[in-house]
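The values are calculated or read from the model by the stated rules, or taken from the named source; none is laboratory data. Bear in mind the structure is a predicted one, so any value in this text is a computation, not a measurement. Backbone-built Cβ (ideal geometry, glycine too); neighbour counts: all protein chains shown. Ligands, DNA and RNA are excluded from the accessible area calculation, which covers all protein heavy atoms including side chains. Shrake-Rupley method; radii C 1.70, N 1.55, O 1.52, S 1.80 Å.
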Amino acid sequence: MAEKKYTYFSLQDEERIIHAIRDAENMTSGEIRVHISLKSDTDALEVTKAIFNELRMYNTRQRNGVLIHISVSSKTFAIYGDEGIHQKVGDDFWEETRDLMLQHFTENQLVTGICEAVQHVGEKLKIHFPWNDRDLNELSDEITYD
């Protein structure tokens, strides 16, 4: 998938999200990405799984990548975690993260919702996949778009 840039977020908002990703990843060997789409989704989770695969997020040593995908035109979103993290946290964690985001989104706080979700995911990844001095940043921290 080509990573197209458009100006959905201000530069400051984009930097705030990337900073949240980097802060969260500094606690864990896990990887977190954010993807923003202008396309309408009919099934947000299925689209998120497809984007996860297109971005090759399964390509982490411990299979602990997490993708937060937001479709701004259809006002849908989903969070998808690779098998390594999902086996540790189960469905309840993803629902809790979704609810956290939704609380902010309904108050028109998209960036805050994303940053809070990234932090929440980072805290959980830290428990199950703590950072160590051999960890590498296996996936880009940049926001991807389509």
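Can you list the HN-Hα couplings for the range 26-31, worked out from phi with the Karplus curve (6.51, -1.76, 1.60; θ = phi - 60°), rounded to whole Hz and with x for Gly and Pro?
For the range 26-31, the Karplus curve yields 6, 9, 8, 7, x, 10 Hz.
Taking the Cβ-Cβ separation of residue 19 and residue 107 as r and a Förster radius of 22 Å, what is the calculated FRET efficiency to the nearest 0.05?
Numbers: r = 21 Å, r/R0 = 0.97.
Efficiency at R0 = 22 Å is approximately 0.55.
Taking the Cα centre of the chain as the origin, how large is its charge dipole in debye, to the nearest 20, when only Lys and Arg (+1) and Asp and Glu (-1) carry charge on their Cβ atoms?
Using only the charged Cβ atoms, the result is roughly 240 debye.
Compute, for the range 56-129, the length of the dipole vector about the Cα centre, with Cβ point charges of +1 (Lys, Arg) and -1 (Asp, Glu) only. Units Debye, rounded to 20.
Details: 8 positive and 10 negative charges, 82 e Å.
For this selection, approximately 400 debye.
For the charge dipole of the chain, defined by +1 on Lys and Arg C-beta atoms and -1 on Asp and Glu C-beta atoms about the Cα centroid, which residue among 29, 93, 53 has the Cα displaced farthest towards the positive pole?
53
So in the chain, what percent of DSSP beta bridges are antiparallel if you round to the nearest 5?
Approximately 45 percent, going by the DSSP bridge assignments.
Sorted by mean Cβ packing within 10 Å, highest first, what order do the peptides 50-58, 26-34 take?
26-34, 50-58
On a full-extension model of 0.36 nm per residue, what is the gain between residue 88 and residue 46, subtracting their alpha-carbon distance, rounded to one decimal in nm?
My answer for the length gained is 13.0 nm.
Could you tell me the extents of the chain's C-alpha atoms along the three principal axes, largest first, rounded to whole Å?
So the three principal-axis extents are 39, 30, 28 Å.
In whole percent, how big is the carbon plus sulfur part of the accessible area of the chain, probe 1.4 Å, protein atoms only?
Solvent-exposed carbon and sulfur of the chain make up 46 percent of the total.
For the pair residue 26/residue 146, report the inter-label distance in nm, with labels modelled 7 Å from Cα in the Cβ direction.
With each label point 7 Å from Cα toward Cβ, the separation is 3.2 nm.
Mind giving me the nanometre distance, one decimal, between the label points for residue 54 and residue 123, set 7 Å out from Cα along Cα→Cβ?
3.2 nm
Using the heavy atoms of the protein chains alone and a 1.4 angstrom probe, what is the accessible area of the chain per residue in square angstrom?
Each residue of the chain exposes 53 Å² on average to a 1.4 Å probe.
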